[in-house]
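Here the structure comes first, spelled out in structure tokens, and everything after it is commentary.
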Amino acid sequence: LAADRNGGDYYFVKGDVLFLYINSNWTSANDHYDFVKQAVEANPDVKWRVVVMHHDLYGGHLENRESENRLLRLMFVPIFDEFGIDVVFMGHSHVFSRSHVMYGGNIATDITGNNYVTDANGTIYITTGSTCRPRGDVSPGSSAIAFDHVSGEDCIYNIIDFTYDTITVNSYIKDQNEPF
């Protein structure tokens, strides 16, 4: 565990999944790098590596936040690429979005219109959109986005299942029985 004034990064393992919780308000790339390296090296046999953090890196729906997102991508994307992070769950923009498979800041696999990807060589970034009010005027999504759902009314939640072979993310609108 890496501690800092803001509460620090922490991780835990559940089954074959390494969950890394990153305090994206803390701006030390070196601290985050050391934390992820330590966690991955301490858990070499896990199948999946998942990051959870507050800030949205690729959602791109709020133009006034793009300079912040760009700086955060410069800090986090190289770390996630180096340590083979499978999926990153984020918030901040209050809009649901799922990226293409990203590597090196570029689209590694275009998954437009696909509900699944096989053998992804990179990371998928999901802005969970768990609250139903986007913050500010919503602009078009970035080119990194494969799917999004923008709504001022829909409250969204996700159910994530892990098996040895798959990560399944089902996203629901509150009070609807089928995932969207």
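Couple of notes before you dig in:
- Residues located in segment 76-94, provided they are outside any strand (DSSP E or B) and either open to solvent by 30 Å² or more (accessible area, probe 1.4 Å) or modelled with pLDDT under 95 (or both): 78, 82, 84, 86, 91, 92, 93, 94
- Checked against (1) closer than 19 Å to residue 144 by Cα; (2) surrounded by fewer than 18 Cβ atoms within 10 Å (Cβ to Cβ); (3) in contact with a strand residue (DSSP E or B) (Cβ under 8 Å, 6 or more places away or on another chain); (4) at pLDDT below 90, residue 103 passes all but condition (4).
- Restricting attention to segment 18-28, the residues that are over 12 Å from residue 39 (Cα atoms) and open to solvent by less than 40 Å² (accessible area, probe 1.4 Å) total 3.
- Residue within segment 152-161 that is over 30 Å from residue 29 (Cβ atoms), modelled with pLDDT under 90, part of a strand (DSSP E or B) and open to solvent by less than 40 Å² (accessible area, probe 1.4 Å) present: yes
The values are calculated or read from the model by the stated rules, or taken from the named source; none is laboratory data. In this text, all values refer to a predicted model and were calculated from it rather than measured experimentally. Note: ideal-geometry Cβ built from the backbone for every residue, glycine included; neighbour counts use all protein chains shown. All accessible areas refer to the heavy atoms of the entire protein, side chains included, with ligands and DNA or RNA removed. Shrake-Rupley method; radii C 1.70, N 1.55, O 1.52, S 1.80 Å.
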